[in-house]
Amino acid sequence: MALLEIKNLHVGVEDEDIKILNGVDLTLDTGDLHAIMGPNGSGKSTLAAVLAGREEYEVLDGEILYDGEDLLELEPEERAEAGVFLAFQYPVELPGVSMTNFLKEAVNSVREARGQDELGSADFLQYMRERADMMGLNADLTKRSVNEGFSGGEKKRNEIFQLAMLEPKLAILDETDSGLDIDALKNVADGVNKLRSEDRGFLIITHYQRILDYIVPDHVHVMLDGKIVRTGDKDLALELEEHGYDWVREEAAAAA
Amino acid sequence: MSTTALDTSVRPEDRFISAFEVNHGEALNGTNASISKQRTDAIERFAELGIPTNNLEAWKYTDISSVIDRPYTLPLAPERPSLDTDDIAPFLIDDLDAHRVVLINGRVDEVLSDIGDLPDGVVVSSLAQAGSTHPDVVEEHYGKYADFEDEALTALNTAFVQDGAFVYVPSGTVVEKPIFFLHLTATEQDLLLQPRHLFVAEDGAIARIVEAQHSLSDAQTFTNTVSESFVGEKANLEHYLIQDQGPSASQVHTRAAQQKDDSVYTTISATFTGEVVRNNVTIEADGSFCESNFYGLVVGKDDMHVDNHTFMGHVQPDCSSNELYKHVLNDESTGVFNGKVFVSRGSQRIDAYQQNDTLVLTKDAEIYTKPELEIYADDVVCSHGATTGQIDEESLFYLRSRGLSKRRARILMLQAFAQEVIDEIQLDSLEEHVAERVRTRFSSYFA
């Protein structure tokens, strides 16, 4: 059974006559890393948002199966408990919410859902230190409010750090590479590579091929106008880098 | 005559005036000349001003007259309810190692107080006692900062003053432990109380004063407090107030401070319960290079009405002031914030900041907020802002996407919102006490 199966997914914006996704099909197996590439406005981030359970989108048709279950039935927190994780394109600053308290609650709610014991304060702090160390996250950041005053790169690293803390089964990265300098890009890619495993799937959404120099995908999809129009292996990403999206668009138009 | 029942057959102003006439020179006697000599002027001024109504701009959103127009009893002689340390235990603050003074119905209770050893020259006592032991200090400062000319309730308090808290920290003296005043109401009768406090930190003095208000009773009470503080040159006074007297208690709390050169004064209030609570906070920076800080947290529930009315008077150059009031309003509660900043002609290089932020959790909760700037100098930086809204949806989604329930996410966001004020509390034990009170309150929300 596939970890994630998206079938004929049509999505619009609640209360508005706008359609963003027009029949997306995608199957992702555990252990695989898929990349979805596409130009701005093609619907990539909307797909990520729908997977995480954002309420402003309306699913008009189709279904999403996660571990064989209907993902769309679940609240955002239930998805997190079931092992779905979204690394946000724009991580939110939460002044007054300490990283430690936030992550302790998050980790323990996910652990509880998995039938694991809650971590006490000492065990949690040790676990957090280990993971920060593993992800190369400046430990000082864990003493601050969530994302408050973090640089763009620190926010993205913090998303990957949270991924490492929560150990999801399905990790969705929404343009995690955008706006990063080369060091941060390598750091984020390094973190993802450390977290790749046989019992975890990744869906990486990106505008550019560059992060795929560091994270080698098993499959690459091209999304245009709310549909996946082409699927290939890592070489497809290089082709897109070289030739842009126009040739895919022309091919798709010709096929239609 | 130990108490005077107010005659409710006449208009409220006349009740007080006749109670004054009956008791003047007797229950309202003169232990201290400077306290006594202001009484007659004050009651006359009260008679002229009358109890404030909504027609006055400063009282537009708070109807205090209907709260005052109730059949209260005025206790005018010491009457000690039989309380012991077990009764006050629930209101003590964990880990707060302090010089403790307990006031019951506005009067210092010697038995329940535990002042301990104070540095040389420092006085922590009742105002009544200070009137005879330190008449010169009382003479110099009493009635100098809380002006009753335009404030009917300050005039009323000044006419009826009997007791309250007194602190005197002489020049250059540091009081390391906080001075903790626990104000309790304990009564079977509906009482109208008028405590009067005087806090004097002379040049170079450093002290922290914590006041907490609680009630042991469900009787209706109205407390008209006037508190005056003097902060001398290079002195530093932190002044905290926890308001938690329960749903049948109303109050007008006037807190007036005057600062001299290079001093720092910080007032922080946290309001958790009360039927109608009006805080008049006035700071006059009567010296250069003063720093003045006002912070307030209002956690409104049920039909609480809390009005913070602040005045920052910059009458000397080169000073700064910071003001931050935050409201979290649930149920049908109402918040009012009015913050006036006055900068006199010639008070150049003033840096004044004011912010009021409110989270409104229901459609029935309301906030009225109004900044006022009155500036007569040209080289000043004054900024003010006010926000009103709901819990940020994007932040909630972020927390939920990490596995927190919608309810936990909302509670965490409320705590975070309140935290900005709580962070300003410099005393760790008090900070934890307030944070815990806030956590407990929010944990009951969204059930």
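Counting only residues at least eight positions apart within a chain, or on another chain, the aspartates and glutamates with an alpha carbon under 13 Å from that of B:Lys301 are B:Asp244, B:Glu275, B:Asp331, B:Glu332, B:Asp364, B:Glu366. Per-residue shielding of B:419-426, expressed as the average number of other chain Cβ atoms within 10 Å of the residue Cβ, stands at 1. Assign one of three labels to region B:1-96, namely rounded, prolate or oblate, based on the Cα gyration tensor with a ≥ b ≥ c the square roots of its eigenvalues; rounded applies when a/c is under 1.5, prolate when it is not and a/b is larger than b/c, and oblate otherwise. Judged from the Cα gyration tensor, region B:1-96 comes out oblate (a/c at least 1.5, b/c at or above a/b). Take every Cα pair under 8 Å whose residues are at least 6 apart in sequence, average their separation, divide by the length of chain B, and the relative contact order is 10 percent. The mean number of partner chain beta-carbon atoms within 10 angstrom of a residue's beta-carbon across peptide A:92-99 is 6. Classify chain B as rounded, prolate or oblate, taking a ≥ b ≥ c as the square roots of the eigenvalues of its Cα gyration tensor: rounded when a/c is under 1.5, otherwise prolate if a/b is larger than b/c and oblate if not. Rounded, since a/c falls under 1.5. The tail of the calculated P(r) for region B:360-417, taken as Cα-Cα distances beyond 13 Å, holds 71 percent of the pairs.
Within the same chain, aspartates and glutamates fewer than 8 places from B:Lys370 are excluded, and of the rest, those with a Cα less than 16 Å from its Cα are B:Glu57, B:Asp307, B:Glu323, B:Asp357. Beyond 24 Å between alpha-carbons counts as too far, so tell me which of A:Lys44/A:Lys234; A:Lys7/A:Lys44; B:Lys144/B:Lys326; B:Lys37/B:Lys177 fall in that bin. Over 24 Å apart, Cα to Cα: B:Lys144/B:Lys326; B:Lys37/B:Lys177. Computed over the protein assembly as shown, the Cα gyration tensor eigenvalues convert (square root of 5λ each) into semi-axes of 62, 25, 24 Å, ordered from largest to smallest.
In order along region A:135-149, the phi-based Karplus estimate (6.51 cos²θ - 1.76 cosθ + 1.60, θ = phi - 60°) of 3J(HN,Hα) comes to 8, x, 8, 4, 4, 4, 5, 6, 9, 9, 6, 4, 6, 5, x Hz; Gly and Pro are listed as x.
Among the cysteines of chain B, those with no neighbouring cysteine Cβ under 4.7 Å are B:Cys382. By the rule of a C-alpha distance below 20 Å, with chain neighbours fewer than 8 residues away ignored, the lysines paired with B:Lys406 are A:Lys104, B:Lys363. Under 5 Å from the amide H of B:Val281 lie the amide H atoms of B:Arg255, B:His309, B:Thr310, B:Phe311, each residue being 5 or more positions distant or on a separate chain, with H modelled from the backbone and absent for Pro and chain starts. Each peptide among B:86-95, A:31-40, B:152-161 gets the average number of other Cβ atoms lying within 10 Å of its residues, and from highest to lowest they stand as B:152-161, A:31-40, B:86-95.
Considering the convex hull of the alpha carbon atoms of region B:392-447, report its projected area averaged over all viewing directions, in nm², one decimal. Average of the hull's projected areas for region B:392-447 equals 4.0 nm².
Within the protein assembly as shown, antiparallel bridges make up roughly 20 percent of the DSSP beta bridges whose residues both belong there. A simple spin-label model places pseudo-atoms 7 Å from Cα toward Cβ; at A:Asn138 and A:Glu63 they are separated by 4.8 nm. For the pair A:Lys194 and B:Lys406, a Förster radius of 30 Å applied to the C-beta separation gives a FRET efficiency near 0.40, rounded to the nearest 0.05. Across chain A, Cα-Cα distances exceeding 30 Å account for 27% of all pairs.
Computed from the coordinates by the stated procedures, all read-outs in this text should not be read as laboratory data. Note that the structure is predicted; figures quoted are calculated from it, not measured. Ideal geometry is used to build each Cβ from the backbone, glycine not excepted, and the neighbour counts take in all protein chains shown.
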